[in-house]
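Novice: I have a structure here, written as structure tokens, and I will follow up with some questions on it.
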Amino acid sequence: MDLGIKDKVAFITGASSGIGLSTAEAFVKEGARVIICGRNQEKLEEAKKQIKQNTGAEVGAYACDTSKFDQVEKTVNQIIKEYQKIDILINNAGKAQAGGVVDAKPEDWQSMIDVKIYSLINTCKLIAPIMKKNKWGRIVNMSSIGGIYPNPKLTISHGLSAAINNLTRSLSLDLAPYNIIANAIGIGAVRTKNWEENMLPKVRQTREDLANLDDEVIIKQLGQEMTPVGRFGKPMEIAQIACFLCSECNGFVTGSVIEASGGADKFM
Ligand SMILES: NC(=O)c1ccc[n+]([C@@H]2O[C@H](COP(=O)([O-])OP(=O)(O)OC[C@H]3O[C@@H](n4cnc5c(N)ncnc54)[C@H](OP(=O)(O)O)[C@@H]3O)[C@@H](O)[C@H]2O)c1
């Protein structure tokens, strides 16, 4: 299927690893001109190299903490100077934070609100007007299946994912008259560095039966237990959904949360 996004300019946040990196590769393979960002310059350089190796294409890369308005403003200005427009925005920067209301520390909430909510507000505030002017735009916000089916082991991540879903719907209604489509993806368990660093320690704490097992064994067992399809997802499986949602083929799905969780309503 020709997705019709050749030469579209796509800005993907948090794309130096995991789902964001796969999403960047998927857009490059569709012929889009891709710009990635993340906070760590070395990781970005590695990601650029990997994309070049896998696809032969160069992508733009800017170090940017998307939770900081002034840094996003500077990056958007740089992109406009170099590429003249932004057609596609993928709000992917983020991480998971395990914990319930009682055990979470105030600083855990603050850092998650910063990266999950302010990042999205900052990019949309600055980039939606550019899309409006061009009367074409596509936005995908990476959310979690927990935004629909909350799990008390992940209250912070899931409460904020519900907010992302709500913001996405609101944004889609606001922008629909300008030919701008906005959707969220409710992601289930996908094997990434984020999962290994932020989720596996919590699984080991809360599941005595898994506490002493290797990462590989835990991931396999959780995939079988929690997911009707019997396994964790792959980053590219999320990336390809993002590509379709942002394509010319999609002019009618907007304001939706696409569940991409192998049928699961929880993942730990
Ligand atoms: N994997 C899952 O199972 C799962 C499930 C549900 C939802 N999600 C969501 O999917 C998204 C991607 O997750 P992932 O698993 O692929 O994580 P990952 O591999 O850890 O990648 C996260 C990316 O975000 C960047 N990042 C983090 N904070 C940032 C900030 N303030 N500004 C700019 N970039 C930032 C990281 O680079 P730097 O550290 O260098 O900044 C990295 O490139 C996240 O929003 C996550 O919450 C994932």
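The values are calculated or read from the model by the stated rules, or taken from the named source; none is laboratory data. All of these numbers come straight from a predicted model, not from anything done at the bench. Cβ: placed from backbone, ideal geometry, glycine included. Neighbour counts: every protein chain shown. With ligands, DNA and RNA removed, areas are computed over all heavy atoms of the protein, side chains included. Shrake-Rupley method; radii C 1.70, N 1.55, O 1.52, S 1.80 Å.
Novice: Using a simple spin-label model with points 7 Å from Cα along the Cα→Cβ vector, what separation in nm is obtained for Lys125 and Met1?
Specialist: If labels sit at Lys125 and Met1, their model points lie 3.5 nm apart.
Novice: Here is a follow-up. Provide the solvent-accessible area of Asp7, counting protein heavy atoms only and rolling a 1.4 Å probe, rounded to the nearest 10 Å².
Specialist: We get 80 Å² for Asp7.
Novice: Using the reciprocal of the averaged 1/r over all distinct C-alpha pairs, how large is the Kirkwood radius of segment 39-168 in Å?
Specialist: 16.2 Å
Novice: Run the quick spin-label model on Leu213 and Asn179: label points 7 Å from Cα toward the beta carbon, then report their separation in nm to one decimal.
Specialist: Using points 7 Å along Cα→Cβ, the separation is 5.2 nm.
Novice: Considering all projection directions equally, how large on average is the shadow of the alpha-carbon convex hull of segment 103-194, in square nanometres?
Specialist: 6.5 nm²
Novice: Once the dipole of segment 88-225 is set up with Lys and Arg at +1 and Asp and Glu at -1 on Cβ about the Cα centre, which of Trp109, Ser143, Pro129 lies farthest towards its positive end?
Specialist: It is Pro129.
Novice: Of all the stretches in the chain, which is the longest one without any exposed loop site, taking GluC sites (Glu not before Pro) in a DSSP loop (any state but H, G, I, E, B) with at most 15 other Cβ atoms within 10 Å?
Specialist: 59-207
Novice: Report in % the part of the accessible area of the chain that belongs to carbon and sulfur, leaving out ligands and nucleic acids; probe 1.4 Å.
Specialist: Ligands and nucleic acids excluded, carbon and sulfur reach 50 percent.
Novice: Here's a follow-up. Based on the alpha-carbon gyration tensor of segment 160-217 and its eigenvalue square roots a ≥ b ≥ c, which shape applies: rounded if a/c is under 1.5, prolate if not and a/b is larger than b/c, or oblate?
Specialist: Prolate, because a/c is 1.5 or more and a/b exceeds b/c.
Novice: Take the Cα radius of gyration of the chain and divide it by 2.2 N^0.38 Å, with N its residue count; two decimals is plenty.
Specialist: 0.97
Novice: Just want to confirm a number: the relative contact order over the chain, from Cα pairs under 8 angstrom separated by 6+ residues, in percent.
Specialist: Over the chain, the number comes to 21 percent.
Novice: Also: If you average the alpha carbon positions of segment 11-37 and of segment 185-232, how far apart do those two centres end up, in angstrom?
Specialist: A separation of 25 Å, based on Cα centres.
Novice: Give me the percent relative contact order of segment 43-116, please, defined on Cα pairs under 8 angstrom at least 6 residues apart.
Specialist: In percent, rounded to a whole number, it is 22.
Novice: Here is a further query. With no other cysteine's Cβ closer than 4.7 Å, which Cys residues of the chain count as lacking a disulfide-compatible partner?
Specialist: By the Cβ distance rule, which asks for a partner under 4.7 Å, the isolated cysteines are Cys124, Cys243, Cys246, Cys249.
Novice: So how do Lys153, Lys202 rank on accessible area, 1.4 Å probe, biggest first, that is with the largest at the start?
Specialist: Largest accessible area first, the list is Lys153, Lys202.
Novice: Right, here's the next one. List the chymotrypsin sites (Phe, Trp or Tyr not before Pro) in segment 162-268 that DSSP assigns to loop (not H, G, I, E or B) and whose Cβ has at most 11 other Cβ atoms within 10 Å. Which are they?
Specialist: Here the sparse-neighbourhood loop sites are Phe252.
Novice: Computed FRET efficiency, Cβ-Cβ of Tyr83 and Lys220, R0 30 Å: what is it to the nearest 0.05?
Specialist: In this case the efficiency is close to 0.10.
Novice: Inverting the mean 1/r over all pairs of different Cα atoms, compute the Kirkwood radius of segment 1-73 and quote it in Å.
Specialist: For segment 1-73, the Kirkwood estimate is 12.2 Å.
Novice: Next question. What is the ratio of the Cα radius of gyration of segment 111-268 to 2.2 N^0.38 Å, where N is its residue count, to two decimals?
Specialist: On the way: Rg = 17.0 Å, N = 158, 2.2 N^0.38 = 15.1 Å.
Compactness ratio reported: 1.13.
Novice: A further question on this structure: Under the 0.36 nm per residue contour assumption, what length would be gained going from the current alpha-carbon distance of Glu73 and Ser170 to full extension?
Specialist: 32.7 nm
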